[in-house]
């Protein structure tokens, strides 16, 4: 009994409340010894199990304690940062309050001049409105100018398209090309006729009809009142085709062109070449040339710009030129 009591007491002391109390069976002396031996073995085994469990629980406890310490450290660091941030915010707030107080002081000091500034601002606003109205007027004028320019541009584009169409509609044959040019000249489409005549010259350089074609080019320019350009074509005939049958046409029209330009001395010189003795110019040219000479010699400054400052070519009519 005493041994069993000591064993029970040791079990209670060892298991620290972790193991249940063993039952006490009623047995004989031999069985009792056997039971005691077995009990000691079992107790030894049972003592190992709670010790392992307790060791495991202690390791987990240490880990939890370490985590708690880490969390406490982080919380402490954040508290420190928060306190520092709060201190900085308070310092900045103090600076802002000082600046606000200074601004209020300045505002109070300048309050008297604000009214004057507002009045000046109103006057400035009126000036700005006036400038804005002027700008709007200028913008309206500019818009109208753009619209007019657009209309003019559309007209020019239309003319260019017509010109391109006309240029692409040029006969290929030599005879057909010349007939088309003369047809346009008769229809008084001088620009189209001149283009066809020049095409003829570019296709057939040194052609026997070149003097005639050049005179007709000059004739289109004369009809468009481009007298200087016409004189250039007529002068080519005087220099390069003096024996051609169209030379008298070129000389007579040269006299008319110089008269139109107010250069009467040169005009009379060309007309005298028509009426001089031995000239084989057609009679119609001789008659018209004598008439032109009398008109120019009697002029007192209405026609002849090389004699007086007053320039006018109206007395030399286009009817006289065409006759």
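We did not get these values from a lab; they are worked out from the coordinates using the rules stated. All values derive from a computational prediction rather than experimental measurement. A quick note on method: Cβ atoms are made from the backbone with ideal geometry, for glycine too, and the neighbour counts reach across all protein chains shown.
In this structure, residue 283 and residue 159 have a Cβ-Cβ separation that, at R0 = 45 Å, corresponds to a calculated FRET efficiency of about 0.60. In whole Å, how far is the Cα centre of the stretch 174-202 from that of the stretch 243-266? One Cα centre to the other: 23 Å. FRET efficiency for the residue 189 to residue 245 pair, using the beta carbon distance and R₀ = 41 Å, is estimated at 0.95.
On the beta carbon distance between residue 81 and residue 105, with R0 = 25 Å, the FRET formula returns roughly 0.10. Between residue 62 and residue 152, the simple spin-label model (points 7 angstrom out along Cα→Cβ) gives 10.1 nm.
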